[in-house]
Amino acid sequence: MSREATNGVPCGARVLTLDTMNPNVRRVEYAVRGPIVQRAVQIEKELREVTFKTRRPGTTRGVKKPFTEVIKANIGDAHAMGQRPITFFRQVLALCSYPELLEDNKFPEDAKKRARRILDACGGHSLGAYSASQGIECIRQDVARYIERRDGGISSNPDNIYLSTGASDAIVTILKMLVCGEGRDRTGVMISIPQYPLYSAALADLGAVQISYYLEEESCWSLNVTELRRALNEAKQHCKPRVLCIINPGNPTGQVQSRQCIEDVIRFAKEEHLFLMADEVYQDNVYADGCKFHSFKKVLFEMGPEFSSKVEMASFHSTSKCYMGECGFRGGYMEVINMDPQVKAQLTKLVSVRLCPPVPGQALLDLVVNPPQPDEPSYSTFMKERKAVLADLAEKARLTEEIFNTVPGITCNPVQGAMYTFPRIALPQKAIDKAKEQGLVPDMFYCMRLLEEEGICLVPGSGFGQKEGTFHFRMTILPPTEKLKVVLQKIRDFHLKFTQEFS
Amino acid sequence: MNHGTALLWKRRALSSLSTTRRGLPKEKMSENGMMSRAKVLTIDTMNPTVKKVEYAVRGPIVQRAVELERELSEGMKKPFAEVIKANIGDAHAMGQQPITFFRQVLALCSYPELLSDSTFPEDAKSRACRILNSCGGNSMGSYSPSQGIESVRQDVAHYIERRDGGVPCDPDNIYLTTGASDGIVTMLKLLVCGEGTMRTGVMISIPQYPLYSAALAELGAVQINYYLNEEKCWSLDIPELQRALDEARLYCNPRALCIINPGNPTGQVQSRECIEDVIRFAAKERLFLMADEVYQDNVYAEGCHFHSFKKVLFEMGPEYSETVELASFHSTSKCYMGECGFRGGYMEIINMDNDVKAQLTKLLSVRLCPPVPGQALMDLVVNPPQPGEPSYERFIKERTATLSTLAEKAKLTEQVLNTVQGISCNPVQGAMYSFPRITIPEKAIKEATEMGQLPDMFYCMKMLEETGICLVPGSGFGQKEGTYHFRMTILPPTDKLKILLNKVQEFHQKFTQQYS
């Protein structure tokens, strides 16, 4: 090979480098699995080595830690933290995976009935067949009926339902559809600060413009239309705002928006001609007294045809959260409302390229929207398990808020819903300076310290966005109650120590 | 109307003028004179690259097939009793049975209470336990690491080492994916950069599996076509690669070379020499190599053998194995498993820049992780029952039966289609499709053009309406100008396949006569 460049690639250099890769991808960040989590995984490995080595006296490799385990309170993964799956769901999935079990009298009739129904809807009666790209038809019908029941009878058309690989998949697909234009005409997408960083990541990847609107920490992370308007008007100068995203119940902030607020948002979207994206994956995770989940679809239709026939909307749900916590199955759906038929055809075409969402996830979703009914054998176990999970989460939400609010320098809004707390932390100026010296954002510096000293992995608020000059972290409320209490106490102790160290 | 409303309308009318000038959403006058707005998201305001995407395997002809199925089920009379979907490589949909062992383990993983059930063999239980122990909270419902469950990646690495005669494989270079499609699109996304004549160009075979053309359209990358040689059983010629590359350099920045082996839709299994030539070409021209090997167990023809790009690369010595950047892809959807619905897959990355690798890992983390049941399934594919284990015999029997049935059907298909005047079919050396060339009479071409249809789409549509057989026209995959083909899967059960082939034969003769 000659020493000169070939194909623009200098001799000895690679074809694919940081400089020659997709520049949008370089801009993508996803804090929930970012650098702090990578460090946590490293520490876990080191801990394992220590454990192994201590079984063999005389060896000294491995770094000893002031803790024996890393607690990953960074990600909304309920099962990883010990939450149990719903028995009925797993029975049906087992029956679908290995239909010979339909002869096994260990399984209740209602589980078998659902399994048969799902398998009948699969090609060759197998979970292994591709499904239709929009998702198995009878499941979409079941989803539509679920939505109708949830929304007090407002009709849902199965043709408007698209099953997806988790909610993330559908969210990114819709954002992708919406992005167009160049320069000042580039699509702008409104998203809350703080937000779940899938949104910022997707917008970076797609080269769309992120338009941040701030939730109001002082009033429990409420959404103010005045703030929406401010953000929008500023954004109009440098992009073409076309979309408004809202996460309700909120992530990371946990607020459950009032019905009034949802109406206001819908009104705003209509006035300003924005496509509404309602991320509702935590719709069953509502804990606080007086709080209630109001679906955007329901409110939209209750506002009358002036809105319900006009506002274009997509709402998203998933099998990963609520009381199921089945993250690994990657089940989800979106409902699209008032979408232009030609665009819908394009959407259907786009999702066909990936063939179909995972069929086990589709099956699971079917069970979520079509759970055991009062007259069925599995009903009472199902209700018991469901209630227990949700009650447990509610208890942990309350406990978390309570304990954090006893710590000087930590203020925690009520965890009204979802599965996280996003408390504000006061960081001493000296700590901020030290962070800067190390090239770290202050709340990352804080969280890294917490990880190294206590083995607790949280995600710094900077990963979600926050008002300039404020600092937060996001912690899940998912560890089992006893462990959660220990975690909360350790954080309290850490915070006091940290504050003292840098005073 | 009242004064206030009139004022409102006037204001809106005025503002609509200025909004038009500003390029903001226009208001339009509808029939009743009421001002109505265009939607936010229309065909004109949506992502333009998405509009360019086509995916023929599930395109218009399949939509019509689904419609016909509906009409049949509603009792409408048709010249056929059922629609046969020979358009898509979905084995289970066509009656192929899953591997018992795999489904036993998946059931155990889904509902671990079954671990105390004596009807399950010990080897299934031990695999299930191993998988569950690698899952958070011992549950398939946990997210896995974004790169995939570590023990599964290790098993994949061991599989690759065994397959490649000991050539080492680092589990850190293995990424589990949501089917192979996911991995392929992710790699293409990483590779795309530049503007105008510096825009990334990606070489892909004609004919190709239209995931590639769809992904390139969506990413706004430049597709560089290299033609496979139909006369020589769809072989790949280096001079043709060179021609395509040299031409492409005038209008884009060619950076990647994709090859599907065994081929889809064409079914050829490339010789070892061909693979060496391709590697040498990629090295010389500094191209990132993407080897789509999802059909690696689907090899039927005598004398044909699957040679993995990784193996050949390493056997060519360090001059190549230390420099050529390669990604190879595999899936649980094909081979003898046919588990399309589980969306299992992996890619192995060779010689990737470390910084880029970190970016890849970061990019994948946004989608959290591939479906865990699919990861579990992949683990079983790469770690199947071993001699001496209770499930071994049954496993081998099922695997052998599936592969030999496919081999038989491959042969049958080639044979029957070649008896038809006006159809010529290359040997189906591997994969699961035949891609025969069809002669379409001039009159038919004319009528197709009048109807605004491509000739082979016209042909396939007619076949669908008259026989209920759904194939995909060759134009969906690409073909040499002036030639026509269709892609048909060899997946229907043998008896049904025979009927299908006869119907295709009859249709072709009738069609040819009709348009003579």
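Answer yes or no: is there a residue in region A:227-234 that is open to solvent by less than 40 Å² (accessible area, probe 1.4 Å), within 23 Å of the chain's Cα centre (by Cα) and not aliphatic (A, V, I, L, M). There is no residue in region A:227-234 that is open to solvent by less than 40 Å² (accessible area, probe 1.4 Å), within 23 Å of the chain's Cα centre (by Cα) and not aliphatic (A, V, I, L, M).
Each row is one residue, and each column tells you yes or no for (1) at pLDDT below 95; (2) closer than 24 Å to A:Met313 by Cα; (3) within 13 Å of chain A (Cβ to nearest Cβ).
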{"position": "B:Arg11", "(1), (2), (3)": "yes, no, no"}
{"position": "B:Glu27", "(1), (2), (3)": "yes, yes, yes"}
{"position": "B:Ser36", "(1), (2), (3)": "yes, yes, yes"}
{"position": "B:Thr45", "(1), (2), (3)": "yes, yes, yes"}
{"position": "B:Tyr55", "(1), (2), (3)": "yes, no, yes"}
{"position": "B:Pro60", "(1), (2), (3)": "yes, no, yes"}
{"position": "B:Leu68", "(1), (2), (3)": "no, no, no"}
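What's the total number of residues in region B:78-115 that are in a helix (DSSP H, G or I) and not charged (D, E, K, R)? Number satisfying all stated conditions: 16. Per this entry, A:Lys292 is not counted among residues that are open to solvent by 30 Å² or more (accessible area, probe 1.4 Å), within 11 Å of chain B (Cβ to nearest Cβ), touching a residue at least 12 places away in the same chain (Cβ under 8 Å) and not in a helix (DSSP H, G or I). Taking region A:171-186 as the range and being assigned to a loop (DSSP other than H, G, I, E, B) and over 25 Å from A:Ile161 (Cα atoms) as the test, the residues that pass are A:Gly181, A:Glu182, A:Arg186.
Are any of the residues in region A:132-148 open to solvent by 20 Å² or more (accessible area, probe 1.4 Å), among the small types (Gly, Ala, Ser) and more than 29 Å from the chain's Cα centre (by Cα)? No, because not a single residue in region A:132-148 is open to solvent by 20 Å² or more (accessible area, probe 1.4 Å), among the small types (Gly, Ala, Ser) and more than 29 Å from the chain's Cα centre (by Cα).
Results for (1) more than 10 Å from chain B (Cβ to nearest Cβ); (2) in contact with a helix residue (DSSP H, G or I) (Cβ under 7 Å, 6 or more places away or on another chain), shown as yes or no for each residue.
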| position | (1), (2) |
| --- | --- |
| A:Cys122 | no, yes |
| A:Tyr130 | no, yes |
| A:Ser133 | no, yes |
| A:Arg149 | yes, no |
| A:Gly153 | yes, no |
| A:Ala167 | yes, no |
| A:Ile174 | no, no |
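Residues that are open to solvent by less than 10 Å² (accessible area, probe 1.4 Å) and either under 14 Å from B:Leu176 (Cα atoms) or without any contact (Cβ under 8 Å) to a residue 60 or more places away in the chain (or both) within region B:336-365 comprise B:Phe342, B:Arg343, B:Gly344, B:Gly345, B:Tyr346, B:Met347, B:Glu348, B:Ile349, B:Leu360, B:Ser365, listed in sequence order. Looking at the structure I just gave you, is A:Leu102 of a type outside the set (S, T, N, Q) and either more than 10 Å from chain B (Cβ to nearest Cβ) or under 19 Å from A:Leu393 (Cβ atoms) (or both)? Criteria met by A:Leu102. Candidates B:Thr402, B:Thr419: the one that is under 25 Å from B:Lys496 (Cα atoms) and open to solvent by less than 30 Å² (accessible area, probe 1.4 Å) is B:Thr402. There is at least one residue in region A:84-92 that is at pLDDT 95 or above, within 12 Å of chain B (Cβ to nearest Cβ) and touching a Gly at 6+ places or on another chain (Cβ under 8 Å). Scanning region A:352-403 for residues that are hydroxyl-bearing (Ser, Thr, Tyr), buried (at least 18 other Cβ atoms within 10 Å of the Cβ) and within 14 Å of another protein chain (Cβ to nearest Cβ) yields a count of 2.
Quick one: in region A:430-479, of everything that is touching a strand residue (DSSP E or B) at 6+ places or on another chain (Cβ under 8 Å) and part of a helix (DSSP H, G or I), which residue is surrounded by the most Cβ atoms within 10 Å (Cβ to Cβ)? Applying the filter and picking the extreme gives A:Gly463. Just checking, does region B:138-158 include any residue being open to solvent by 30 Å² or more (accessible area, probe 1.4 Å) and in contact with a Cys (Cβ under 8 Å, 6 or more places away or on another chain)? Within region B:138-158 (the criterion being open to solvent by 30 Å² or more (accessible area, probe 1.4 Å) and in contact with a Cys (Cβ under 8 Å, 6 or more places away or on another chain)), the answer is yes, since at least one residue qualifies.
Selection of region B:213-223 for residues being surrounded by fewer than 24 Cβ atoms within 10 Å (Cβ to Cβ) and in contact with a strand residue (DSSP E or B) (Cβ under 8 Å, 6 or more places away or on another chain) yields B:Ala217, B:Val222, B:Gln223. For region B:422-434, enumerate the residues that are crowded, with 17+ Cβ neighbours inside 10 Å, touching a residue at least 40 places away in the same chain (Cβ under 8 Å) and either of a type outside the set (Ser, Thr, Tyr) or in a helix (DSSP H, G or I) (or both). B:Ile423, B:Asn426, B:Pro427, B:Val428, B:Gln429, B:Gly430, B:Ala431, B:Met432, listed by residue number. Restricting the search to region B:294-320, which residues are open to solvent by 70 Å² or more (accessible area, probe 1.4 Å) and small (Gly, Ala, Ser)? Passing the criteria: only B:Gly303. If you go through region A:187-240 and pick out every residue that is under 29 Å from A:Gly417 (Cα atoms), of a type in the set (Ser, Thr, Tyr) and part of a strand (DSSP E or B), you end up with 5. Filtering region B:239-274 to residues that are aliphatic (A, V, I, L, M) and surrounded by fewer than 23 Cβ atoms within 10 Å (Cβ to Cβ) leaves B:Ala244, B:Leu245, B:Ala248, B:Leu250. When region A:194-224 is filtered for residues that are under 17 Å from the mean Cα position of the chain (by Cα) and either over 27 Å from A:Cys180 (Cα atoms) or within 14 Å of chain B (Cβ to nearest Cβ) (or both), the ones remaining, listed by number, are A:Gln195, A:Tyr196, A:Pro197, A:Leu198, A:Tyr199, A:Ser200, A:Ala201, A:Ala202, A:Leu203.
Contact map, region A:167-182: residues that are of a type in the set (Lys, Arg) paired with residues that are part of a loop (DSSP other than H, G, I, E, B), Cβ distance under 7 Å, separation 6+ or inter-chain. Pairs shown: A:Lys176/B:Asn47.
Among the residues of region A:319-338, those identified as under 26 Å from B:Leu377 (Cβ atoms) and either of a type in the set (D, E, K, R) or within 11 Å of another protein chain (Cβ to nearest Cβ) (or both) are A:Thr319, A:Ser320, A:Lys321, A:Met324, A:Gly325, A:Glu326, A:Cys327, A:Gly328, A:Phe329, A:Arg330, A:Gly331.
The values are calculated or read from the model by the stated rules, or taken from the named source; none is laboratory data. Computed from a prediction, not measured in an experiment: that's the story for all the values here. Cβ sites come from the backbone with ideal geometry, for glycine too, and all protein chains shown count toward neighbours. The area values use the complete protein model at the heavy-atom level, side chains included, leaving out ligands, DNA and RNA. Shrake-Rupley method; radii C 1.70, N 1.55, O 1.52, S 1.80 Å.
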